[in-house]
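In what follows, a single structure is set out as C-alpha cells and then discussed.
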Amino acid sequence: PLSWAQERMWFLAQLEPDSGAYNIVSANRLGSMLDPAVLTTALHAVMRRHAALRTVFPLVDGRPVQRVLTNLDLPVRTVDLPGGDRATMDSQARRLVEQETDRPFDLSTGPLLRVTLARLGGSGSLLIIAAHHIVIDGWSFDILVRERSAAYRAASLGGPLSLPELTIQY
C-alpha cells in the first residue's frame, strides 16, 4: 500500500494529470560533455541501490499500490542546442529546463525519473534530472546527484560503484 504522503501525491496527480507541479528538477552546467552511455550505466547503478527510483504506482482492484520493479530502463535523452551567443544559449537552456520541469510523469508506468543531457555548442553540457516528488524529496535528490557523480566516475574508469550498503530504503 501507499504511505500517507504517497497517497496524497498520487491523489493530486490524478486531479491534474498534465501538471508538472510536483516535479523536482536539477540542472547542472558542466564544463565538458558527459558520455551518454557511461551516464546511463551510472544512473542504472544508482537506481539498483534505491528501490524508490524503481517504484511505480499502478491501480490494483481500483486502488493505487507501490510496485518496485527489478529492472527499469532509464534512457538518457541527448539534445543538441543550436549554437549562438551566450544569451541565446542561456535562453535555450532555460527553455529546456522549463520543459522538463513542466512535463508530467505517468505514475502507473514510470519511470518517475527522467534525464536529459544537452550539448551546449562548444561550451560544455547541461545535465537535467527530473523526478516526481512521490519517489524523491529535496534531501534524497542531493543523494541521487552525489551518487550519480560517484557512479559516473566508477563507470568511466571501468570499475564497480563502491558505496556503503544502504541500511534503509525510503
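Since every read-out is calculated from the coordinates, none of them should be taken as a lab result. In this text the structure is predicted, and so the values were computed from the model without any measurement.
Need the C-alpha centroid separation for segment 130-170 versus segment 45-81, integer Å. Rounded to whole Å, the Cα centres lie 14 Å apart.
The helix-only estimate of mean residue ellipticity at 222 nm for the chain, built from DSSP H runs of length n ≥ 4 each weighted as -39500 (n - 2.57), is -12000 deg cm²/dmol after division by the residue total. Using alpha carbons only, how many degrees (0 to 90, rounded to 10) separate the axis of helix 36-49 from the longest principal axis of the chain? Its long axis makes an angle of about 30 degrees. Result for the chain in a Gaussian network model with C-alpha springs under 10 Å: among Thr70, Thr78, Thr41, the largest mean-square fluctuation is at Thr70. Relative to the dominant Cα principal axis of the chain, helix 4-15 is inclined by about 70°.
Can you give me the relative contact order of segment 43-170 as a percent, contacts being Cα pairs under 8 Å and 6 or more apart? If you can, show how the numbers build up before the last one.
Working: 160 pairs, mean separation 36.5, N = 128.
Over segment 43-170, the number comes to 29 percent.
Among Arg95, Arg29, Arg153, the residue with the largest mean-square fluctuation in a Gaussian network model of the chain, with springs joining Cα atoms closer than 10 Å, is Arg95.
One equal scatterer on each Cα of segment 17-170, no solvent, Debye formula: the resulting log10 I(q)/I(0) at q = 0.10, 0.15, 0.21 Å⁻¹ is -0.38, -0.82, -1.41.
Given the alpha-carbon gyration tensor of segment 35-115, what are the semi-axes of its equivalent ellipsoid in whole angstrom, ordered largest first, with each equal to the square root of 5 times an eigenvalue?
Listed largest to smallest, the semi-axes of segment 35-115 are 31, 17, 8 Å.
Annotation: the antiparallel percentage among DSSP beta bridges lying fully within the chain is about 75.
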